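Remarks on the structure that follows.
Each value in this text was obtained by applying a stated rule to the coordinates, not by laboratory testing. Treat the numbers as computed from the prediction; the structure is a model and nothing was measured. Quick reminder, even Gly has a Cβ in these numbers, built from the backbone with ideal geometry, and neighbours come from all protein chains shown.
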Amino acid sequence: MTDNLFTNLFRHMYRIRAVEEAIAHHYPEGNMRCPVHLSIGQESIPAVFAQSIDSTDFAVSTHRGHAHYLAKGGNLNAMIAEIYGKSSGCAKGKGGSMHLIDLAVNFMGTSAIVGNSIPIGVGLALSVQLKGTNQISCVFLGDGATEEGVFYESVNFAAVRKLPVLFICENNLYSVYSPLSVRQPKGRSIAKMVEAMGLEVAVGNGHNIASSHEIMKNAVDKVRKTGEPIFLEFTTYRWREHCGHDFDNDIGYRTQEEFLEWQAKDPLNNLERELQRTSSQMATSLEKIKSEIDLEVKKAFDFAEESLFPAQSDAYDGVYA
Amino acid sequence: MEVDESVICYGLGVTDPKSAFGTTANLEKRFGSERVFDMPTSENAMTGVAIGAALNGVKSVMTHQRIDFFLLAMDQLVNSAAKWHYMFGSQISIPITIRLIIGRGWGQGPTHSQNLQAWFAHIPGLKVVMPTTPEDAKGLLISSIFDPNPVVFLEHRWLHNTIGEVPGGDFRVPIGKAKVVRTGADVTIVSMSYMTIEALHAADYLATQGISCEIIDLRTIKPLDWDTVMYSVAKTGCLLALDSGFTTGSVAGEIVARVAIEVFDKLKVPPARLAMPDVPEPTSYALTKGFYVRAADIAKKIMEMLGKDFSEVNNTLLEPTPHDVPGNWFKGPF
């Protein structure tokens, strides 16, 4: 285990957690006036992605996209300002939490509609193939999106045209409050199903950061080398409510016991403890990373709070290019 | 495609022997299978693919042989293509062109004959183009391809075999400009696509009755050329809006509303519209008799609006036999 790699993974995970916790903390103040879908508990997959991807590669994501935006290198200040509806936001206040974009790092957008960004990521891969560049296109999706027709259409097209696209499915077991058991037949593997459609697939345990990193890194390298699509499915677990800042283990769709069981597997906490044990120097350096990130996050919220709202008349601009 | 290497063309059947009613014939041979290709039967995903490719500078021209199949792609069209530019703060646009064939007749029936321009026109961020003549079809298609926005390009099946002069080369007709195809003094007929042909037949008849029609072929439904419409109505004081789609929520209804709101004082008679009934188009030859809006309906309506006796119209402007084809040369199958 190389310290450098794992401190980087720690940094990525901690940063996402810190940002999302800060959103949860400030959300009740009522100044982030849009739905938010937090990735707390699911940080390991974007973290290993951040560690494996180039800034020139393309990525698209979903309503739960803060973590992917950050992992791709998206500007933190612009994201928080966007959630605050400010003109300094990454979409100038037109999109909010569910519509994040940072063209400087080829993070091409997120969609509020389940499954909607999947074919868009495949289209980016088609453009890469046409232009003959060495990029890959990454598509983040959840388990719910694999129930949408457009998912199958997109996977099929990626397979038939042999497109350089990496599908990254974060299976957190729930679509809003509906468990997998009412949505997909018992015992059927999403990855196996996609494999039958002609894609190379791999399954990862999102609570094991080392193996998840290896799977992600190998897949990114292979898609780049072969130009052919790969599908990854990672198990993970969302800690907070589907939409909003709070916990929701008391409303009846899952139990507190189930939540605690998954929380005990927290890859961030586990990695931190493991790294702390390696040396006292390491423990100090982790504290330094944490305080740097905490400061960065605080500054991002200050930036968002201090930024100006767009002019009322801006609502009518930009319908057409 | 010659002008710009980033233009690609795909759709179910664009490279097959029928080549989308001959409209994409030889394209693959000329520009290669990377830029011109057949596709899986996946209308929704393939629209998303066009959006994604557009994000990296590729301009897609997608073709569907019936608009009705494309309804599966409304998510990608409405939620993504139409909104990407706006909802991401005007940083990036979606230059895609979606060719959809509309029509009527030959037993196309309930799900092969819809004219849904009003749906698309309702969505901010979309442009909607409906050419009538061969010249406009070429000029507007090229303009659509090079427009930075998503354009829904509606082609009426009954116009595909129209013969007319077409300028060569990179010939463009501006989007958003209507054409006055006939000038007149007594009534303004606002029309689109195939309905313009029926309007011309009606105007010929009305001329023999001493009624002078001004016919505006909209060519673009969105953005609509309101200046041309208002100018003409102010001149004639009489408006009949035609539509190839269903009556309720039609483009014709929007035109009547806006004219009534903006130039009410210029109107000499109440404005009117003629569109398809709010009924799915039936298939049977017998059931479509008298079903379509045609020249006689237009002539009668205008004579009624102007207080003239229209009892003779049907004797002159007979329903053609067969009534369900653009001409006797049309033998189907679709």
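Data table
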| read-out | value |
| --- | --- |
| Set of segment B:172-195 residues, backbone N closer than 18 Å to the point 7 Å along the Cα-Cβ line of B:Phe31 | B:172-173 |
| Positive-end residue of A:Ile23, B:Gly13, B:Trp329, charge dipole of the protein assembly as shown with Cβ unit charges | B:Trp329 |
| Extension gain (nm, one decimal) between B:Tyr285 and B:Lys235, 0.36 nm per residue minus Cα-Cα | 13.9 nm |
| Residue of B:Phe264, B:Phe153, B:Phe70 that the Gaussian network model of chain B assigns the largest fluctuation, springs spanning Cα pairs under 10 Å | B:Phe264 |
| Where trypsin sites (Lys or Arg not before Pro) fall in DSSP loop in segment A:177-233, at most 11 other Cβ within 10 Å | A:Lys186, A:Arg188 |
| Choice from A:Ser55, A:Ser154, A:Ser178 with maximal GNM fluctuation in chain A (Cα, 10 Å cutoff) | A:Ser178 |
| Exposure rule at most 16 other beta-carbon atoms within 10 Å, DSSP loop GluC sites (Glu not before Pro): chain B longest free segment | B:166-311 |
| Footprinting exposure proxy for B:Ser33, B:Ser113, A:Ser307 (fewest neighbouring C-beta atoms within 10 Å first) | B:Ser33, A:Ser307, B:Ser113 |
| Surface/4 estimate of mean projected area, convex hull on alpha-carbon atoms of the protein assembly as shown, nm² | 32.5 nm² |
| For the protein assembly as shown, size of Cβ-based charge dipole, Lys and Arg +1, Asp and Glu -1, in debye | 860 debye |
| Where labels lie 7 Å past Cα in the beta-carbon direction, separation of B:Ser19 and A:Tyr316 in nm | 4.7 nm |
| Chain A: C-alpha gyration tensor shape, a/c 1.5 cut-off, then a/b vs b/c | rounded |
| Chain A - share of DSSP beta bridges that are antiparallel (%, nearest 5) | 10 percent |
| Charge context of A:Ala321, other residues only, Cβ under 13 angstrom, K/R +1, D/E -1 | +1 |
| Straight-distance crosslink candidates among lysines, where the alpha carbon sits under 18 Å from B:Lys29 and sequence neighbours closer than 8 are dropped | B:Lys18 |
| Value in Å of the Kirkwood radius, where segment B:260-334 supplies the Cα pairs that are averaged | 15.0 Å |
| Isotropic mean projected area of the C-alpha convex hull, segment B:12-102 (nm²) | 5.9 nm² |
| R0 of 30 Å, Cβ-Cβ distance B:Met74-A:Asn218: FRET efficiency to nearest 0.05 | 0.20 |
| Neighbour-count ranking [beta-carbon atoms within 10 angstrom, fewest first] of B:Cys238, A:Cys90 | B:Cys238, A:Cys90 |
| Shape call, segment A:154-300: gyration tensor on alpha carbons, a/c limit 1.5 | oblate |
| Cα-Cα over 22 Å, subset of A:Lys222/B:Lys83; A:Lys92/A:Lys299; B:Lys179/B:Lys308; A:Lys92/B:Lys127; A:Lys217/B:Lys59; A:Lys217/A:Lys298 | A:Lys222/B:Lys83; B:Lys179/B:Lys308; A:Lys92/B:Lys127; A:Lys217/B:Lys59; A:Lys217/A:Lys298 |
| Computed magnitude of the charge dipole of segment A:3-307 (debye, nearest 20; Cβ of K, R +1, Cβ of D, E -1) | 760 debye |
| Chain B: antiparallel DSSP beta bridges as a percent of all, rounded to 5 | 15 percent |
| Estimated dipole of chain B in Debye, rounded to 20 [Cβ of Lys and Arg +1, of Asp and Glu -1, Cα centre] | 80 debye |
| Amide N of segment A:61-101 lying under 17 Å from the label point, which is placed 7 angstrom from the Cα of A:Asp54 along Cα→Cβ | A:72-73 |
| Low-density loop cleavage sites - trypsin sites (Lys or Arg not before Pro) in segment A:2-37, where at most 12 other Cβ are within 10 Å (DSSP) | A:Arg33 |
| Antiparallel %, DSSP beta bridges [both residues in the protein assembly as shown], to 5 | 15 percent |
| Rh by Kirkwood over Cα pairs, then Stokes-Einstein D for chain B at 1.002 mPa s and 20 °C, µm²/s | 104 µm²/s |
| Sites matching chymotrypsin sites (Phe, Trp or Tyr not before Pro) across segment A:178-262 that sit in DSSP coil, with at most 15 neighbouring C-beta atoms within 10 Å | A:Phe247, A:Tyr253 |
| Shape call, segment B:179-316: gyration tensor on alpha carbons, a/c limit 1.5 | oblate |
| Least to most buried among A:Met193, B:Met195, A:Met108 (fewest other Cβ within 10 Å first) | A:Met193, A:Met108, B:Met195 |
| Spacing of the two label points (7 Å from each Cα toward its C-beta) at B:Phe310 and A:Thr226, in nm | 6.8 nm |
